[in-house]
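Chemist: The structure that follows is given in the form of structure tokens.
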There are 2 protein chains.
Amino acid sequence: MARSKRDELIQKATDIFYRRGFQATGMDTLVVEAGISKTSIYKHFKTKDDLIVATLRLRDEFLRGWLFRRMAELASTPRDQLIAMFDALDEWFSEPDFHGCMFAKACSEFQDPDHPINREATAHVARLSAQLAEIADRAGLPNPNDIARRLSLLKEGAVVMATMGHDSRPALEAKAIALGILREAEAGRTPV
Amino acid sequence: MARSKRDELIQKATDIFYRRGFQATGMDTLVVEAGISKTSIYKHFKTKDDLIVATLRLRDEFLRGWLFRRMAELASTPRDQLIAMFDALDEWFSEPDFHGCMFAKACSEFQDPDHPINREATAHVARLSAQLAEIADRAGLPNPNDIARRLSLLKEGAVVMATMGHDSRPALEAKAIALGILREAEAGRTPV
DNA sequence: ATGTAGGTGTACCGATCGGTACACCTTGTC
DNA sequence: GACAAGGTGTACCGATCGGTACACCTACAT
């Protein structure tokens, strides 16, 4: 029970920040919505920024965990898992409480590259790309790091289009593009 | 001289909002940095939100104007212009004061889809995609709207990777992917 | 000469911001 | 039964938020 209250705070803060934004959410709002006294919050976290970093860490673990688990469920071979990422993304985009990428938003609101929040957000992209590279390597694809970066680019583009564009299924469009990328890579063509 | 002061305000506000963010920039900051009295600002715009919408409109015109002009300068045929978009993006990303996409940031900070700021930001994406579709049509490509959406997805992905990823040249990676897309389209293969 | 439009500076409004102080309540442990 | 740890509620801090009020200063039109 010792640190469960703290974890509960981080969990609820993550949801609230994701739904309402970081700067737009005041600490008083957090107190009411999370049902935790302000005194307790500041006993666990020195500043609001520290709390935001903690929520980003939780979100990073959750999102990467969910995504790669789902990829493994949807496909058996490493190659097919890379493609299945876009099916998983399509599921995510279809959820009623999808509100875009929390990390992109964090970067938007805290632009300074040296800011801890910005660092944590960009770290998520790097970690995700590294995991993709590992799978691409297991799939026997050439230049797995390049493949991973391109798939990351497609993923980020799909997220933005799902958030801002009004088009139908950006994840499935990205999937079609990804198929082309893998096809070329498997044909031995060196990525330009 | 009548409306030049107003235009000057919008121009400077655009720069400031782009550099520092919308919510993070207070009206008092705007007064100091833009060198315009608060009274004047509120004589031209009823609210801060109205001013933000005006800056987004200016930015939309400027960015689309610059991008398509640069595409026309870099290539002569419609087909090559589509590809040249990514060379133009590469130039943009290389500018020292590149700070990501102002419209993505606007959507991040104002998430409500019914909010005028959100609408204006998403409209930019739609307008850009429509212009791309027109060029794809002139290039004689099949399903120009699909092509345009995919190129838009690549463009947005490249912007995000340029902002958040630490990789080398996301615009040129997107360009390589775009070449593959056009190659497939020209081979008559129906986009999946 | 007089009115009007567009501009300025300053002082101010209530609300909210992130953060702190303090007194108190509960729980488990020794 | 004493004590520390972790929690609560409330009241408060100075700073800043978006926005307004008011008096004044030009420049130009009639």
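The values are calculated or read from the model by the stated rules, or taken from the named source; none is laboratory data. Model, not experiment: these values are computed from the prediction. Glycine gets a Cβ as well: all are built from the backbone with ideal geometry, and neighbour counts include every protein chain shown. Only protein heavy atoms, including side chains, enter the accessible area calculation; ligands, DNA and RNA are left aside. Shrake-Rupley method; radii C 1.70, N 1.55, O 1.52, S 1.80 Å.
Chemist: List the residue ranges in chain A for DSSP H helices whose C-alpha atoms run 20 angstrom or more along the long axis and whose Kyte-Doolittle average is -1.0 or above.
Modeler: Working: long enough: A:4-20 (24 Å, -1.22); A:48-74 (38 Å, -0.12); A:78-94 (24 Å, -0.12); A:116-138 (33 Å, -0.25); A:144-164 (30 Å, 0.31); A:170-186 (24 Å, 0.50).
Correct list, ordered by number: A:48-74, A:78-94, A:116-138, A:144-164, A:170-186.
Chemist: Tell me, which residues of the range A:131-169 get at least 20 Å² less accessible area when the other protein chains come in, versus the chain alone (1.4 Å probe)?
Modeler: Listed in order, they are A:Arg149, A:Arg150, A:Leu153, A:Leu154, A:Glu156, A:Gly157, A:Val160, A:Met161, A:Met164, A:His166, A:Asp167.
Chemist: List, shortest first and in nm to one decimal, how far the label point of B:Arg57 (7 Å from Cα along Cα→Cβ) is from its counterparts in the other copies.
Modeler: Here B:Arg57 shows inter-copy label distances of 4.6 nm.
Chemist: Closest approach to the A-B rotation axis by any Cβ of A: residue and distance in angstrom?
Modeler: A:Gly157, 1
Chemist: Taking B:Gly140 in one copy and the same position in all the others, each labelled 7 Å out along Cα→Cβ, what are the pairwise distances from the first, in nm, shortest first?
Modeler: 4.1
Chemist: Over all residues in A:177-184, what is the mean tally of Cβ atoms on other chains that come within 10 Å of each residue's Cβ?
Modeler: Values: counts 11, 1, 2, 8, 4, 0, 2, 6.
Mean partner shielding for this stretch: 4.
Chemist: Take the cross-link list B:Lys5/B:Lys38; A:Lys5/A:Lys38; A:Lys105/B:Lys5; A:Lys12/B:Lys46; A:Lys46/B:Lys105 and give me the ones stretching past 24 Å between alpha-carbons. Write out the running numbers ahead of the final one.
Modeler: Details: B:Lys5/B:Lys38 13 Å; A:Lys5/A:Lys38 13 Å; A:Lys105/B:Lys5 33 Å; A:Lys12/B:Lys46 36 Å; A:Lys46/B:Lys105 27 Å.
Correct reply: A:Lys105/B:Lys5; A:Lys12/B:Lys46; A:Lys46/B:Lys105.
Chemist: Can you list the residues in the range B:1-42 whose accessible area drops by at least 20 Å² when all protein chains are present, compared with the chain alone? Use a 1.4 Å probe, heavy atoms only.
Modeler: SASA drop of 20 Å² or more in the range B:1-42: B:Gln23, B:Ala24.
Chemist: Ignoring ligands, DNA and RNA and using a 1.4 Å probe, state the total buried accessible area between A and B in Å², rounded to the nearest 100. Don't jump to the answer; show the numbers that get you there.
Modeler: Details: alone 10350 and 10330 Å², together 17220 Å².
Chain pair A/B: roughly 3500 Å² of buried accessible area.
Chemist: Now a separate question. Could you work out the relative contact order of the range A:53-186? I mean the mean sequence separation of Cα pairs under 8 Å and 6+ apart, divided by the number of residues, in percent.
Modeler: Numbers: 126 pairs, mean separation 36.3, N = 134.
Value for the range A:53-186: 27 percent.
Chemist: Can you work out the accessible area per residue across chain B, with the rest of the protein chains kept in place, probe 1.4 Å, in square angstrom? List each step's numbers first, then the result.
Modeler: Values: 8600 Å² over 192 residues.
Here the residues of chain B average 45 Å² of exposed surface.
Chemist: Further question on the same structure: Take peptide A:97-105, look around each residue's Cβ out to 10 angstrom, count Cβ atoms belonging to other protein chains, and average those counts.
Modeler: On the way: counts 0, 0, 4, 4, 4, 1, 2, 9, 6.
Averaged over the peptide's residues, the number is 3.
Chemist: Can you give me the solvent accessible area of A:Glu95 with a 1.4 Å probe, rounded to the nearest 10 Å²?
Modeler: For A:Glu95, solvent-accessible area is about 80 Å².
Chemist: Here's something else I'd like to know. When the accessible area of the range A:53-186 is split by element with a 1.4 Å probe, what percent falls to carbon and sulfur? Walk me through the intermediate numbers first.
Modeler: Values: 2530 of 5110 Å².
That fraction is 50 percent.
Chemist: Please work out the C-alpha center-to-center distance from the range B:97-114 to the range A:127-163 and express it in whole Å.
Modeler: Going from one Cα centre to the other spans 24 Å.
Chemist: Loop only per DSSP, at most 13 neighbouring Cβ atoms within 10 Å: give me the trypsin sites (Lys or Arg not before Pro) in the range A:24-57, ordered by residue number.
Modeler: In loop regions of the range A:24-57 (DSSP not H, G, I, E or B), the sparsely surrounded trypsin sites (Lys or Arg not before Pro) are A:Lys46.
Chemist: Tell me the distances, shortest first, between A:Asp15 and the same position across the other copies, using label points 7 Å along Cα→Cβ, in nm to one decimal.
Modeler: Nearest first, the other copies' label points are 4.5 nm away.
Chemist: Also, I was wondering about something else. Multiply the residue gap between A:His115 and A:Leu63 by 0.36 nm, knock off their C-alpha separation, and tell me the result in nm, one decimal place. Write out the running numbers ahead of the final one.
Modeler: Details: separation 52, 0.36 × 52 = 18.72 nm, distance 2.20 nm.
The A:His115-A:Leu63 span can extend by a further 16.5 nm.
Chemist: What is the calculated FRET efficiency for B:Ser76 to A:Arg169, with r their C-beta to C-beta distance and R₀ = 30 Å, to the nearest 0.05? Please list the in-between numbers first.
Modeler: Details: r = 34 Å, r/R0 = 1.14.
So the FRET efficiency works out to roughly 0.30.
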